[in-house]
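Undergrad: Let me begin by handing over the structure; questions about it come next.
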Amino acid sequence: MIEAGRPSPGRRSPGQLFLLFSMGSDRYALDVHEVVEVLPLRRCKRIPAAPAWVAGLFVFRGTPVPVIDLTAHALGQPAVVRTSTRLVVVHYQSRWLGLILEQASDTLRSPAEAFVGSGLDLPNARYLGPVLKSEQGLVQWVRVGDLLDDSVRELLYAAAEGSQ
C-alpha cells in the first residue's frame, strides 16, 4: 500500500499528493485522497454482458467490488500486465471501485492549481481533467467521480450487490 507522507511540523506542504500511472506512453494522476489501497494485480470474476473494459469483480474487505481496466476503457486495449501493474481501489460515489492501472508505483506532489485546463471537450471521457507540465512531460488528472456513465454504473453495482 502506498501511503502519503506528512510534512514536518512548521513546514508547509509543497502541494497535493498524486498517484502516477500510465496509459500507453502517457502519464496520468489520481488524487491520493481518492485512493483506498494499492494492491498487486489479481484475478477478477468476469461480469457477463459488461463492456470489454470491465475486468469483473473481486472481494475487498469482504465486499464485492467492480473493477475496470482504465487503459482498455480509454484506449481500447487492455493494460499491459507487468510487475508495476496494480489494482487500485478508489472511493467512487460512496462506494469502492477497482482500477487496473499500469506503472502505478510512483507519486507526485504538486499544488492542485498547477494543473491547467487542456482546452479539450471530451464528452465520452469526462474523467480526463486538467494537465500539469512536469519533468516527465504532461501529466493528466483523472477524476474518479466521472469514470462511469449511468448505464455502466448501474450494471456494475447491481452485479456487485447481486453477488453478495
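Readers should treat all values here as calculations from the given coordinates under stated rules, not as data from a laboratory. Source: prediction; values computed, not measured. Cβ sites come from the backbone with ideal geometry, for glycine too, and all protein chains shown count toward neighbours.
Undergrad: What does the net charge come to around VAL81 if you take all other residues with beta carbon closer than 14 Å to its beta carbon, with K and R at +1 and D and E at -1? It would help to have the intermediate numbers written out before the result.
TA: Numbers: positive: ARG42, ARG43, ARG82, ARG86; negative: ASP69, GLU102.
Local net charge: +2.
Undergrad: If you don't mind, another one. Calculate the radius of gyration of the Cα atoms of region 33-90 to one decimal place, then report Dmax, the largest Cα-Cα distance, as a whole number, both in Å.
TA: 11.4, 32
Undergrad: If you split all Cα-Cα distances of region 47-158 into 10 Å bins from zero, what percentages do you get per bin, shortest first?
TA: 12, 42, 35, 10, 0
Undergrad: Here is a further query. Whole-Hz ³J(HN,Hα) for each residue in region 61-77, computed from phi via Karplus 6.51 cos²θ - 1.76 cosθ + 1.60 with θ = phi - 60°, x for glycine and proline: what do you get?
TA: 6, x, 10, x, 10, x, 10, 10, 8, 5, 5, 5, 5, 7, 10, x, 9
Undergrad: What do you get for trypsin sites (Lys or Arg not before Pro) in region 70-164 restricted to DSSP loop and a cutoff of at most 12 other Cβ within 10 Å of the site's Cβ?
TA: ARG82
Undergrad: Something else about it: Calculated from DSSP H runs of 4 or more alone, at -39500 (n - 2.57) each and per residue, what is the 222 nm mean residue ellipticity of the chain, nearest 500?
TA: Details: 2 runs with 19 residues, N = 164.
Here the helix-only value at 222 nm equals -3500 deg cm²/dmol.
Undergrad: Relative contact order, percent, of the chain when contacts are C-alpha pairs under 8 Å separated by at least 6 residues? Don't skip to the answer; put the middle values down first.
TA: Details: 304 pairs, mean separation 40.5, N = 164.
Normalised by residue count, the contact order of the chain is 25 percent.
Undergrad: How many angstrom lie between the C-alpha centres of region 132-152 and region 59-122?
TA: Computed from Cα coordinates, the inter-centre distance equals 8 Å.
Undergrad: Can you tell me the orientation of helix 150-162 relative to the chain, as the angle in degrees between its alpha-carbon axis and the longest Cα principal axis, to the nearest 10?
TA: For 150-162 against the chain, the angle is about 60 degrees.
Undergrad: Using θ = phi - 60° and the Karplus relation 6.51 cos²θ - 1.76 cosθ + 1.60, list the HN-Hα couplings for region 131-145 in order, rounded to whole Hz, with x at every Gly or Pro.
TA: Result, rounded to whole Hz: 10, 10, 7, 10, 4, 8, x, 6, 10, 10, 7, 9, 8, 4, x.
Undergrad: If R₀ is 22 angstrom, what is the calculated FRET efficiency for the pair GLU154 and LEU120, using the beta carbon separation as r and rounding to 0.05?
TA: Details: r = 27 Å, r/R0 = 1.25.
For GLU154 and LEU120, the calculated efficiency is 0.20.
Undergrad: Tell me which residues come under 5 Å, amide H to amide H, from SER118 once H is placed; ignore anything under 5 positions away on its chain.
TA: VAL131
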